[in-house]
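A.B. asks: Below is the structure I would like to discuss, written out as structure tokens.
Values in this text are rule-based calculations from the coordinates and carry no lab data. In this text, all values refer to a predicted model and were calculated from it rather than measured experimentally. Note that each Cβ is placed from the backbone with ideal geometry, even for glycine, and that neighbours are counted across all protein chains shown.
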Amino acid sequence: MGILSGKKALIVGVASKLSIAYGIAEAFAREGAELAFTYQNEKLQPRVEKFAEQWGSKLTFPCDVASDEEIEQVFTELNKHWDHIDIIVHAVGFAPGHELDGNYVDVTTREGFRIAHDISSYSFVALAKGARDDARRQLTDYSELPGCRAGTAELQRDGAGQSLARG
Ligand SMILES: NC(=O)c1ccc[n+]([C@@H]2O[C@H](COP(=O)([O-])OP(=O)(O)OC[C@H]3O[C@@H](n4cnc5c(N)ncnc54)[C@H](O)[C@@H]3O)[C@@H](O)[C@H]2O)c1
């Protein structure tokens, strides 16, 4: 029996086999977790659905993490399938392409910096809010669960990401 046997995990950030989220999903599936996925847009949908299927999941939902409405919709839909959620993996990153090319100080703008932080880091908080707002879900930092520390370290060797687990 795997260390995540019986756990339900929402994975956000799979785009390809090279995605950190892909490695995490693979490790989670190997350890017995039940998985659900989001995809950023329609272009990624078929690919993420195919990946999900290989890990025995039919739960895939659209979610641009810049949108609180789309985040809310994910949990509304997930709620129809799961009575709780144990883990959220957030492995998302974005910055405007033209601000990644050239001298950092020259190409970085206030707006580009804001967008990068909104998508790459704030969205983790937005997802946690979306999950928490469902009264049945009480999330705490995964690393705070003593019994889970070894498991966290093991999974991080397969691919690090930010995660939350149910307390
Ligand atoms: N690859 C590395 O070496 C490395 C190192 C340190 C940190 N990171 C960070 O890890 C995270 C994942 O990176 P990765 O290497 O797996 O890259 P990746 O391109 O495979 O994954 C990035 C994911 O972010 C998603 N995404 C971007 N904008 C989004 C939006 N608006 N809404 C929803 N999803 C969105 C993409 O669809 C993709 O699935 C990023 O935050 C990255 O900065 C990566």
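A.B. asks: Figure the gain on full extension for residue 121 and residue 43 (residue separation times 0.36 nm, minus the Cα-Cα span) and round it to one decimal in nm. Please report the intermediate quantities before stating the final value.
C.D. replies: Numbers: separation 78, 0.36 × 78 = 28.08 nm, distance 2.29 nm.
Length gained, residue 121 through residue 43: 25.8 nm.
A.B. asks: Now for a separate question. At 7 Å along Cα-to-Cβ for each site, give me the label-to-label distance between residue 100 and residue 129 in nm.
C.D. replies: For the pair residue 100/residue 129, the computed spacing is 2.6 nm.
A.B. asks: Rounded, prolate or oblate: which fits the range 1-92, taking a ≥ b ≥ c as square roots of the Cα gyration tensor eigenvalues, rounded meaning a/c under 1.5, else prolate when a/b beats b/c? Numbers along the way, then the final one.
C.D. replies: Values: a/c = 1.75, a/b = 1.21, b/c = 1.44.
Verdict is oblate for the range 1-92.
A.B. asks: Roughly how many nanometres apart are two label points built 7 Å out from the Cα toward the Cβ at residue 53 and residue 108?
C.D. replies: 4.3
A.B. asks: Just how large is the dipole of the range 1-145 about the Cα centre, in debye to the nearest 20, putting +1 at every Lys and Arg Cβ and -1 at every Asp and Glu Cβ? Mind dumping the intermediate values first?
C.D. replies: On the way: 15 positive and 23 negative charges, 89 e Å.
Charge dipole of the range 1-145: 420 debye, to the nearest 20.
A.B. asks: Taking a 20 Å limit on the Cα-Cα distance, which of the listed pairs 8/58; 58/129; 43/80 fall beyond it?
C.D. replies: Details: 8/58 13 Å; 58/129 24 Å; 43/80 25 Å.
Flagged as over cut-off: 58/129; 43/80.
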